[in-house]
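Undergrad: Next up is a structure, given as structure tokens.
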Amino acid sequence: MREYTIEDIKTILSSLLRNKLLIILFTFAATFGGLLYLARQPVEHLYGATAAVSVTFGASQGQIPAATILANYADTINSNLVCEYAAALLMEEGVSVQQIQRMISISSESNSYVLKINARNESPRLAILVANAVAEGFVAQVAVITGNNSIQILDAAKSADIVSSNGGSRLRLLIPAAAFALACAFVIVIELLSSKIHTVRQCIINEGELLAVIPRVKN
């Protein structure tokens, strides 16, 4: 296996400099083609909507704090009962129980009296509807389980914000760098595979065998 030396690195750098125009042209052409391709692709956004439920003031069960009550029932949000309730409210939207379960998540701070129900979807309208429907379903099922109305909707979801996109902006930044790296790699590979001799060291296997070097000069 050939061992690469400092001379080889100098040769590669020299080759990159000699072919800088080719590298620049390839980078511009590949960047233009990549950006043109992305411009023709539809931009897809994922929207998130949030509804909040809270324990009513002073609600408790024996010596259990209200915040603990809310945390204990939080796991029921993704249950079939709650999601079936939400699906029934959204019957006209044609959303299944499984789709609702994939769309929702919950978040809360430690010992908080507020539980946030988050819904994500490509449609901002559907994200809002699902967040609110699941919140209603959660409140209704907890009321059935506990026999009281200790948990109520604090804030209904009214708007949806973009939480992620299909990564088009990141690709626009990566395309020029990738094109430049590919052009440089192409030049380096061609140089390494070339049979041209650029330095005397490339001719030497045993330094004692070298008698003389006769350069070829082009006028």
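The values are calculated or read from the model by the stated rules, or taken from the named source; none is laboratory data. Just so we're clear, the structure is a prediction, and the values are computed from it rather than from any experiment. Cβ sites come from the backbone with ideal geometry, for glycine too, and all protein chains shown count toward neighbours.
Undergrad: Does segment 85-105 include one or more residues that are within 23 Å of N149 (Cβ to Cβ) and at pLDDT below 90?
TA: Checked segment 85-105: no residue is within 23 Å of N149 (Cβ to Cβ) and at pLDDT below 90.
Undergrad: May I pose another question? Given the conditions (1) polar (S, T, N, Q); (2) in contact with a Phe, Trp or Tyr (Cβ under 8 Å, 6 or more places away or on another chain); (3) under 18 Å from G48 (Cβ atoms), report the number of the one that Q141 does not fulfil.
TA: (3)
Undergrad: Looking at L115 and the list (1) surrounded by 14 or more Cβ atoms within 10 Å (Cβ to Cβ); (2) assigned to a helix (DSSP H, G or I); (3) among the aliphatic types (A, V, I, L, M), which single condition is not satisfied?
TA: (2)
Undergrad: Within segment 151-206, which residues are closer than 30 Å to V114 by Cα and either part of a helix (DSSP H, G or I) or at pLDDT below 70 (or both)?
TA: Across segment 151-206, the qualifying residue is only S165.
Undergrad: Inspect segment 50-73 for any residue being farther than 24 Å from A140 by Cα, part of a helix (DSSP H, G or I), at pLDDT below 85 and not hydroxyl-bearing (S, T, Y) and give the result as yes or no.
TA: Checking segment 50-73: not a single residue is farther than 24 Å from A140 by Cα, part of a helix (DSSP H, G or I), at pLDDT below 85 and not hydroxyl-bearing (S, T, Y).
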